[in-house]
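Note sheet for the following structure.
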Amino acid sequence: MRDFYNRLRSSMDQMPAADVHSHLGTGRVRQARTLADIVSYHWLSVELARAKRTRIEADPVGDPGGYVREVLPFFPAIRNTVNHYAFMGMLRDLYGIEDRTLTPANWERADAAVRQHAGDAGWIKSVLDRARVERITVCIQDGMPDSSSRYVPYVYGEFLFAPTSLHAVQAIAGEGNELPQTPDELAAAIGKRVDQLVADQQIRALHVWYRGTWSYAPPEPAKVAELLQRVLAGGTLSQQEEDVLVSYGADAMSAAAGRHRLVVQLFHGSIAYTRAGVTSYWNPEFLRSLTRHFHDHPDTLFDLFLSTRIPSHEAAAIARVYPNLMVSGAWWQGFTPSTMLAFFRDRLELLPNTAWNAFYSDGYIVEWVYAKLLVTKNRLAQALAEMTVEGFITEDDAVDIARRLLYDNAVAAYRM
């Protein structure tokens, strides 16, 4: 199997890739200025903080050298993590750092290599070209790096999905416009706002990460009217009351998305139920309750990203019978080798190879887009090689499916 894995993995490096979800440009920073910009990425820094057993004190922007020196002693403790693998692979490929981990002996050399490209206006294109990432989603609030077709715009759609505060309703209505006073007016305002985003920004997707304890339930109009009036008066709602308005907002937003062929990206499996930060979580009713929603919006395409492996098989089975549901990539705590392999095997064994996408970076700077693709290709090649050796698919099948999952499906679904 190792020989075919190596051949397939090498073939993947010649294939185009499409990143269906990035945060490239968050804070208007799209490429690393110092090594600290890369090391402080939250997927990696949380592991360093855990190894340190206390928070990291230095500011990676105000004191980048101090930040790296503070965390250096803890790199040996995370050599086994997938984020360390991604980090060192990226340092190797982009900056020529061949060492096993970051050490006092090599960090300044790595930092100097990063700084060498900090002012290079062509660095983003160079990195994406090297990775063959030909299409990548970017949030309109972060701005497009350039006007080329490589960058595919999306918007944070939580305010449309969850009109549970006066601020959200004001954002839906738009500056200077009258606020909706009835449920019908609220639904119309949500639809109009989506129309505007499509016309003005050419968005292709709506990002929705809402509280994982929420479950969809068809709302009663009278209850929605009561809660809307309380929101307009600046009042607060209980979680149960919020859930009613969220269900109403979800229906209105998804209906509008369907008219414009927008993808609704749904995120589940992470929740801040500890004081320390976001951890893995699963609400079994989250996805099960949404089957009614998928049924009621057959023209809307939904893309589900999971941060825990527990619902993987069930999610793939639901996507098998709802043609408007994809289950793509791997999010946050789900981005580990064994979990991704379980994700990919579930989807390969249950779903048509045209029904999902493999690559999702969640990268904030271009270096982490590159790093995440290394892991994705590793796991996808492993899953396909296993199925080839086991006799379920042929070697030619594996090569064809890999391209579909890395590029073709995303381009079709997101109209890239």
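Numbers for the structure displayed
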quantity	calculated
Residue within the stretch 58-68 that is outside the structural domain of L341 (by TED's automatic domain parsing), in contact (Cβ under 8 Å) with a residue 40 or more places away in the chain and not aliphatic (A, V, I, L, M) present	yes
Condition check for T354: in the same structural domain as A250 (by TED's automatic domain parsing) and closer than 27 Å to S247 by Cβ	no
Index of the failed condition, D13 passing every other in (1) exposed (fewer than 14 other Cβ atoms within 10 Å of the Cβ); (2) at pLDDT below 95; (3) within 26 Å of T336 (Cβ to Cβ)	(2)
Residue list for the stretch 196-214, filter: of a type outside the set (K, R) and in a loop (DSSP other than H, G, I, E, B)	Q202, I203, W209, Y210, G212, T213, W214
Close pairs (6 angstrom Cβ cut-off, 6 or more residues apart or separate chains): not assigned by TED's automatic domain parsing to the domain that holds E395 in the stretch 4-18, surrounded by fewer than 17 Cβ atoms within 10 Å (Cβ to Cβ) and not in a helix (DSSP H, G or I) anywhere	P16/R132; A17/R132
Some residue of the stretch 215-234 being of a type in the set (F, W, Y), modelled with pLDDT of 95 or more, under 29 Å from Y281 (Cα atoms) and part of a loop (DSSP other than H, G, I, E, B)	yes
Spans of helices (runs of 4 or more DSSP H) in the stretch 264-375 with at least 2 residues acidic (D, E) and closer than 25 Å to D400 by Cβ	337-350
Some residue of the stretch 111-126 being touching a strand residue (DSSP E or B) at 6+ places or on another chain (Cβ under 8 Å), surrounded by 15 or more Cβ atoms within 10 Å (Cβ to Cβ), within 25 Å of H21 (Cα to Cα) and in contact (Cβ under 8 Å) with a residue 60 or more places away in the chain	no
Unmet requirement for G25, which otherwise passes all of (1) out of contact with any Pro (no Cβ under 8 Å at 6 or more places or on another chain); (2) surrounded by 17 or more Cβ atoms within 10 Å (Cβ to Cβ); (3) not assigned by TED's automatic domain parsing to the domain that holds G89	(1)
Set V127, V39: member being in contact with a helix residue (DSSP H, G or I) (Cβ under 7 Å, 6 or more places away or on another chain), closer than 30 Å to S147 by Cα, assigned by TED's automatic domain parsing to the domain that holds S328 and not hydroxyl-bearing (S, T, Y)	V127
In the stretch 241-283, the residues that are surrounded by fewer than 16 Cβ atoms within 10 Å (Cβ to Cβ) and at pLDDT 95 or above	R259, R261
Qualifying positions in the stretch 50-89 - over 25 Å from L373 (Cβ atoms), under 26 Å from the mean Cα position of the chain (by Cα) and buried (at least 17 other Cβ atoms within 10 Å of the Cβ)	I56
Candidate set from the stretch 100-130 (those that are part of a helix (DSSP H, G or I) and among the small types (G, A, S)); member that is farthest from Y370 (Cα to Cα)	A112
Cross-chain or 6+ apart pairs with Cβ under 6 Å, the stretch 191-210 first and assigned by TED's automatic domain parsing to the domain that holds R261, then of a type in the set (S, T, N, Q) and assigned to a strand (DSSP E or B)	A205/Q265; H207/Q265
The stretch 355-375, residues that are of a type outside the set (D, E, K, R), under 11 Å from D19 (Cα atoms) and under 14 Å from the mean Cα position of the chain (by Cα)	N357, A358, F359, Y360, S361, G363, V369, L373
Selection count, the stretch 384-399, where residues are without any contact (Cβ under 8 Å) to a residue 24 or more places away in the chain and among the charged types (D, E, K, R)	3
T182 vs. criteria of a type in the set (S, T, Y), outside the structural domain of A36 (by TED's automatic domain parsing) and exposed (fewer than 15 other Cβ atoms within 10 Å of the Cβ)	yes
All positions within the stretch 149-167 that are touching a residue at least 12 places away in the same chain (Cβ under 8 Å) and in a helix (DSSP H, G or I)	E158, F159, L160, F161, L166
Options V263, V244: the member that is in contact with a Lys or Arg (Cβ under 7 Å, 6 or more places away or on another chain) and free of Cβ contacts under 8 Å to residues at least 40 places away in the same chain	V244
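Per-residue answers, yes or no, for (1) among the polar types (S, T, N, Q); (2) over 15 Å from E185 (Cα atoms):
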| residue | (1), (2) |
| --- | --- |
| W214 | no, yes |
| A217 | no, yes |
| A225 | no, no |
| L237 | no, yes |
| S247 | yes, yes |
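The values are calculated or read from the model by the stated rules, or taken from the named source; none is laboratory data. As the structure is a prediction and not an experimental result, all values here were calculated from the model. Because the Cβ atoms are built from the backbone with ideal geometry, glycine has one as well, and the counts that use them run over all protein chains shown.
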